[in-house]
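Worksheet: one structure, shown below.
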């Protein structure tokens with residue numbers, strides 16, 4: 001697994017969304033690094049990181065990243081996860097005592113959809129709303145990073161697709177109920193994939209959680225990194 005580090009201060013693990021890579025969020029990471037020692041991996045199998053040896057769900061990802069944190073030796077750190085990375089972050093907080101604070105952004109793993117519904121919302125509705133943000137540099141970075149990732153894994157593309165949808169399928173309510181660390185739930189009011197009702201459901205499941213609804217769609221944190229930096233604890 002490839003990962004990046006930057007900044008100084010208290011450690012922060014950032015887990016990116018599906019289909020892209022850590023450096024898709026470079027604007028966010030630069031702002032985080034002004035206050036934290038940032039650790040930003042390319043989640044397997046995205047970008048330069050290898051395909052997992054088995055078809056993982058978010059619980060298996062949590063086991064992997066718990067061992068990763070053990071290797072780093074971080075006593076207590078903040079974990080931030082967006083979308084796919086948010087689902088992993090939730091299960092990681094339920095699994096590892098090294099997580100001291102949790103921030104999840106429009107997290108996966110709370111709602112389950114049929115494949116066709118998810119594909120429509122992700123590749124059509126979200127694509128359209130990303131496009132009308134009028135930030136062409138960010139929009140094309142998301143699209144180019146996604147296409148490069150698909151081409152990079154073209155020989156094992158079906159395995160990667162199976163992995164992603166397998167992770168999105170299970171019910172993780174039991175995991176969420178185990179989370180005891182302070183948790184901030186951030187959600188775009190116009191999230192096309194996981195509507196605000198998903199955030200409200202997660203809020204009821206996670207003890208000691210705070211819910212904040214912000215302006216924007218599923219990818220609001222990419223288009224407004226300054227807002228995310230301001231609301232972080």
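Scan segment 215-233 for residues that are touching a residue at least 12 places away in the same chain (Cβ under 8 Å) and surrounded by fewer than 19 Cβ atoms within 10 Å (Cβ to Cβ) and jot them down. Explain how you work it out, then say what you get.
Filtering segment 215-233 for residues touching a residue at least 12 places away in the same chain (Cβ under 8 Å) gives 215-223, 225-229, 231-233.
215, 226, 227, 229, 231, 232, 233, listed by residue number.
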- Query: Is one or more of the residues making up segment 201-210 crowded, with 19+ Cβ neighbours inside 10 Å, more than 15 Å from the chain's Cα centre (by Cα) and at pLDDT below 90?
  - Reply: no
- Just wondering, is there one or more residues in segment 103-110 that are surrounded by 24 or more Cβ atoms within 10 Å (Cβ to Cβ), in contact with a strand residue (DSSP E or B) (Cβ under 7 Å, 6 or more places away or on another chain), modelled with pLDDT of 95 or more and farther than 20 Å from residue 42 by Cβ? no
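Results for (1) assigned to a strand (DSSP E or B); (2) free of Cβ contacts under 8 Å to residues at least 60 places away in the same chain; (3) touching a helix residue (DSSP H, G or I) at 6+ places or on another chain (Cβ under 7 Å); (4) surrounded by 20 or more Cβ atoms within 10 Å (Cβ to Cβ), shown as yes or no for each residue.
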| position | (1), (2), (3), (4) |
| --- | --- |
| 24 | no, no, yes, yes |
| 31 | no, no, yes, no |
| 46 | no, no, yes, yes |
| 67 | no, yes, no, no |
- Would you point out which residue out of 52, 11 is assigned to a loop (DSSP other than H, G, I, E, B) and either at pLDDT below 95 or in contact with a strand residue (DSSP E or B) (Cβ under 8 Å, 6 or more places away or on another chain) (or both)? 52
- Message: If I filter segment 179-195 for residues that are crowded, with 20+ Cβ neighbours inside 10 Å, part of a helix (DSSP H, G or I) and more than 15 Å from the chain's Cα centre (by Cα), do I get at least one hit?
- Response: no
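Answer yes if at least one residue in segment 159-173 is outside any strand (DSSP E or B), closer than 28 Å to residue 52 by Cβ and modelled with pLDDT of 80 or more, and no otherwise.
Residues of segment 159-173 that are outside any strand (DSSP E or B), as a first pass: 159-173.
Now restrict to residues that are closer than 28 Å to residue 52 by Cβ: 159-173.
So of that shortlist, the ones also modelled with pLDDT of 80 or more come out as 172-173.
The answer is yes, given that some residue of segment 159-173 is outside any strand (DSSP E or B), closer than 28 Å to residue 52 by Cβ and modelled with pLDDT of 80 or more.
The values are calculated or read from the model by the stated rules, or taken from the named source; none is laboratory data. Everything numeric here is computed off the predicted structure, so don't read it as measured data. Here the Cβ is made from the backbone with ideal geometry for all residues, glycine too, and neighbour counts use every protein chain on show.
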